[in-house]
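FYI, it's all coordinate maths here, none of it is from the lab. These numbers come from a predicted model, not from an experiment. Note that we place each Cβ from the backbone using ideal geometry, even for glycine, and neighbour counts take in every protein chain shown.
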Amino acid sequence: MKNTLIIGATPNTDRYAYKAAERLTQAGHPIVLFGIKKGVVCGQTIINDWEDFQNIDTVTLYVGPARQKEYIDKIISIKPKRVIFNPGTENPEFQSRLYKSGIKYEEACTLVLLSINKY
C-alpha cells in the first residue's frame, strides 16, 4: 500500500481530489490530506498548514502550476518516491526539479491509475 499525500484536498464531493481520496481509501492506500479548505474526507481531517510529512510514497497533485510554486521545495524535502501530475497540474519546471532530485514523476490521472490497477 502506498501512503499518499493529496495536495489540493477538499470536502467538495464534486471535485476529483475528493473522488481520489475515496478511491485510494477503498483500495486500502493510507491517505494524508492537505489543502486550503477545512473539512473531513474519508475520516481524515484536511491539514491546512504544511507539516513535515513522513513516509510519503506518492504525492498526487490537484492544484495548478501557479499554486504549486510555494510547495515545490516542501514536496522535494519530504522525499516522496513519486509525484503524480493529474490533468491540468502539469508543470515542466517542477518536473525538472523532481528529476534533478531523483524523485520520479508522471503525468497521469490517479483515478485512472487506480481503475486499471497501475497505481
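Which one of GLY35, GLY102, GLY43 has the biggest mean-square fluctuation once the chain is modelled by GNM with Cα springs under 10 Å?
Of GLY35, GLY102, GLY43, the Gaussian network model singles out GLY43 as fluctuating most.
For a quick check, take a GNM of the chain with Cα springs below 10 Å and name the residue from VAL40, VAL83, VAL63 with the largest mean-square fluctuation.
Among VAL40, VAL83, VAL63, the largest GNM mean-square fluctuation belongs to VAL40.
Out of the DSSP beta bridges found with both residues in segment 4-115, what percent are antiparallel (nearest 5)? Walk me through the numbers before you get to the answer.
Details: 2 of 19 bridges.
Rounded to the nearest five, the antiparallel share is 10 percent.
With runs of 4+ DSSP H residues as the only contributors, calculate the mean residue ellipticity of the chain at 222 nm using -39,500 (n - 2.57) per run, divided by the residue total and rounded to the nearest 500. Write down the numbers at each step before the final one.
Details: 5 runs with 36 residues, N = 119.
My calculation for the chain gives -7500 deg cm²/dmol from helical runs alone.
Report the gain in length on full extension from CYS42 to GLN95: 0.36 nm times residue separation, minus Cα-Cα distance, nm rounded to one decimal. Mind showing how you got there, number by number?
Working: separation 53, 0.36 × 53 = 19.08 nm, distance 2.94 nm.
The CYS42-GLN95 span can extend by a further 16.1 nm.
If I build a Gaussian network model for the chain, linking alpha-carbon pairs within less than 10 angstrom, which residue out of ARG82, ARG67, ARG23 has the largest mean-square fluctuation?
ARG67
Could you check how many percent of all C-alpha pairs in the chain are farther apart than 16 Å?
Details: 3892 of 7021 pairs.
That tail contains 55 percent of the Cα-Cα pairs.
I want the local charge near ALA108. Using Cβ-Cβ distances under 11 Å, sum +1 for each Lys or Arg and -1 for each Asp or Glu among the other residues. Present the calculation step by step, with values, prior to reporting the outcome.
Working: positive: ARG82, LYS118; negative: GLU90, GLU106, GLU107.
Combined, the nearby Lys, Arg, Asp and Glu give -1.
Calculate one ³J(HN,Hα) per residue across segment 10-26 by plugging θ = phi - 60° into the Karplus curve 6.51 cos²θ - 1.76 cosθ + 1.60, and present them in order as whole Hz with x for glycine and proline.
8, x, 6, 5, 7, 8, 5, 4, 5, 4, 5, 4, 4, 5, 4, 4, 4
Distance cut-off 19 Å, Cα to Cα: go down the list LYS2/LYS100; LYS81/LYS118; LYS19/LYS118; LYS79/LYS104; LYS37/LYS118; LYS19/LYS104 and report the pairs above it. Could you put the intermediate results ahead of the total?
Details: LYS2/LYS100 23 Å; LYS81/LYS118 15 Å; LYS19/LYS118 17 Å; LYS79/LYS104 10 Å; LYS37/LYS118 29 Å; LYS19/LYS104 24 Å.
Exceeds cut-off: LYS2/LYS100; LYS37/LYS118; LYS19/LYS104.
Express in whole angstrom the spacing between the alpha-carbon centres of segment 1-55 and segment 88-113.
Using only Cα atoms to place each centre, the spacing works out to 18 Å.
Could you list the square roots of 5 times each eigenvalue of the Cα gyration tensor of segment 56-119, that is, the equivalent ellipsoid semi-axes, sorted largest first and rounded to whole Å? Show your work: numbers first, answer last.
Working: eigenvalues 68, 37, 18 Å².
Here the semi-axes work out to 19, 14, 10 Å.
Can you run phi through the Karplus equation (6.51, -1.76, 1.60; θ = phi - 60°) for segment 61-72 and list ³J(HN,Hα) in whole Hz, with x for Gly and Pro?
Those phi angles translate into 9, 10, 10, x, x, 4, 7, 6, 3, 6, 10, 4 Hz.
Whose amide H sits under 5 Å from the amide H of ALA9, counting only residues 5 or more places off or on another chain, with H placed in the peptide plane?
Those qualifying (amide H under 5 Å, at least 5 residues apart or on another chain) are PHE34, GLY35.
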